[in-house]
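The values are calculated or read from the model by the stated rules, or taken from the named source; none is laboratory data. In this text the structure is predicted, and so the values were computed from the model without any measurement. Note that each Cβ is placed from the backbone with ideal geometry, even for glycine, and that neighbours are counted across all protein chains shown. Heavy atoms of the whole protein, side chains included, go into the accessibility calculation; ligands, DNA and RNA do not. Shrake-Rupley method; radii C 1.70, N 1.55, O 1.52, S 1.80 Å.
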Amino acid sequence: MINRATRAVTVLTATATATVTVTALALAVPPAQASAESRRAGSISVTGVHPGGATYAIEVPRNWNGTVLTFSPGYGQGAGPQHLPADLGGNAAAQSWLLAHGYALAGTRPYGSGWAVEETLRASADTLAEFAKVAGKPTITLAWGGSMGGAIAAGLAERRPDLIDGALPYCASVAGPVAMLNQSLDAAFAFKTLLAPGDDTVKLVRLASDDEEARSVAAARAVLDAAQQTPAGRARIALAASFAQVSTWSVPGTAEPAPHDWAGQQAQEYAAFMATVFSPRYPLEQRAGGNFSWNTGVDYRRELRESGRMPQVRALYKSAGLNLDADLAALSAAPRVSADPGAVAYMENYFTPRGALGVPVLTMHERGDNYPTVTQARAYSDVVRRAGNQALLRQAFVDRPGHCRYTGAEFVAAVRTLEKRVITGRWTDADAHRLQTLAARLAAGNPDLGAAEFVHYTPGRFLRPHVPKG
């Protein structure tokens, strides 16, 4: 059953054979004129710039079925003064299939850099308003997005259920930025304490500039590469990686290390360590108005136990002749990092999930993702369950390493499954077996969609969840 009141579908008559393109840049075409011209067309292709500077794109096929997918992009993909065109989501094969089968697509690219969640939440509403002008109100609106854009889709599911009927966050930062950067801080703290204790160039928080962060990252990279050359260094990298829950299967195109292949697992952690642990922080601190990460009160012995990495870390420490208890004691004794409350509050608002879902949500994660780590899916399901909304959530997992590397078949199967939930009011096809069956059937009809790798999977518990109070 559709959550919002049923809306009339505007029937687009094919009075023209050519696609109409309307570009609303620099007031070249006023919005009212764009709407009237597009309504007369059999298919619609619209690009433009919202008053706030965000760009948008709209594609409506001639045989529109009444469903539109509205897309939000990942980190660092703002439009900026160059007004870069907005993307439509998924991948090229998925877009082609969706348009050919009657789905409309809309996309928003925010005017803002870095963690532009605040701008994109606002601009997404503007894009949907523009869509209604040029194409008519849809019957079903689904929000989707990758990485940071997935966090925005999750934000729309909580904050704007009046605008959408369902959300598909994929490879998404659904634990929220506070939890995500706390997770990174834990690993960076252990790394610096054990491997670079006297290197003041390696900064953890409160970076003064992009240049200072670049110097810090370069210094950390040099320390990491040197440590990887010794058994002791590799053991300590594995310990630090356990706190960030860096995947032991991180590198696309490689086989997953065996359960007791400790060296192979550590090599995968090393490959993903810098991007996971020292991901951009300065731009986020600037946006938040301060440091929003802390490790006061963190018990790193408990974190290691709960990470599931204790056997690997103990084996590597034993092989290196190191004393794990001594290193854990050093972490316990090291000075801690505190957060700025105002910065935490900003990142709670933009956007940390509270689990207050207003529409059905289907998340999709790769099992070996680190950007965010797949354990964020568990953090999200936990907060949704605590809020009493688990009936609205289902989660899908794909059996590969990497970030946002889904096939067209996986995208389309997820879209169709979420759409069916919106229409029927019941989850009937959201388990791995049925998603895989649907994706295989889609790929058989269109090989360009590629093969799917849906798998039954339960992520480990996210070590540093954060849920806003109130």
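Run a plain Debye calculation on the chain (Cα atoms as equal point scatterers, no solvent) and give log10 I(q)/I(0) at q = 0.08, 0.14 Å⁻¹, rounded to two decimals, same order as the q list.
These q points yield log10 I(q)/I(0) values of -0.49, -1.30.
When the accessible area of the chain is computed with all protein chains present and a 1.4 Å probe, what percentage of it is carbon and sulfur?
Its accessible area is 54 percent carbon and sulfur atoms.
Output wanted: per-residue J couplings in Hz (rounded whole) for region 81-96, from phi through Karplus 6.51 cos²θ - 1.76 cosθ + 1.60, θ = phi - 60°, x for Gly and Pro.
x, 7, 6, 4, x, 7, 8, 10, x, x, 9, 4, 5, 5, 4, 4
Taking Cα centroids, how far is region 153-172 from region 44-119 in Å?
15
So who's got an amide H within less than 5 Å of the one on residue 453, skipping anything under 5 residues away but keeping other chains? H placed 1.01 Å off N, in plane.
399
Taking the Cα centre of each part, how many Å lie between region 208-225 and region 306-383?
So the two Cα centres are separated by 22 Å.
Which residue, chosen from 139, 195, 61, occupies the Cα position most advanced towards the positive end of the dipole of the chain, where the dipole is computed from +1 (Lys, Arg) and -1 (Asp, Glu) charges on Cβ about the Cα centre?
Selected residue: 139.
Which three numbers, in whole Å and largest first, are the semi-axes of the equivalent ellipsoid of region 410-466 derived from its Cα gyration tensor as √(5λ)?
24, 17, 10
Normalising by the residue count of region 90-157, find the relative contact order in percent from Cα pairs under 8 Å and 6+ residues apart.
Relative contact order for region 90-157 comes out at 25 percent.
With θ taken as phi - 60° and the coefficients 6.51, -1.76 and 1.60, list the Karplus ³J(HN,Hα) couplings across region 128-139 in order, rounded to whole Hz; mark glycine and proline as x.
After applying 6.51 cos²θ - 1.76 cosθ + 1.60, I find 5, 5, 5, 4, 4, 5, 8, 10, x, 6, x, 6 Hz.
When only alpha-carbon atoms are used, what values of Rg and Dmax, in angstrom, describe region 216-298?
Rg and Dmax of region 216-298, Cα atoms, are 14.6, 44 Å.
Counting each DSSP H run of 4 or more residues in the chain as -39500 (n - 2.57), what helix-only mean residue ellipticity at 222 nm follows after dividing by all residues, to the nearest 500 deg cm²/dmol?
One gets -13500 deg cm²/dmol as the mean residue ellipticity at 222 nm.
Roughly what angle does helix 324-333 make with the longest principal axis of the chain, taking Cα atoms, 0 to 90 degrees, to the nearest 10?
Value to nearest ten degrees: 70.
Heavy-atom accessible area per residue, the chain, 1.4 Å probe: how many Å²?
On a per-residue basis, 38 Å².
So how do 106-114, 275-283, 369-377 stack up, highest first, on mean other-Cβ count within 10 Å?
Ranking, from highest mean packing down: 369-377, 106-114, 275-283.
Can you list the lysines whose alpha carbon is less than 21 Å from that of residue 203, not counting same-chain residues fewer than 8 positions off?
192
Could you state, as a whole-number percent, how many of the C-alpha pairs of region 288-430 are farther apart than 18 Å?
When every Cα pair of region 288-430 is considered, 72 percent fall beyond 18 Å.
Using the Karplus curve 6.51 cos²θ - 1.76 cosθ + 1.60 with θ = phi - 60°, work out ³J(HN,Hα) for each residue of region 368-384 in order, rounded to whole Hz, and write x for Gly and Pro.
Working through the residues one at a time gives x, 7, 10, 10, x, 5, 5, 5, 4, 4, 5, 4, 5, 5, 5, 6, 5 Hz.
Determine the order of 310, 364 by accessible area, beginning with the largest, at a probe radius of 1.4 Å.
These residues rank, largest area first, as 310, 364.
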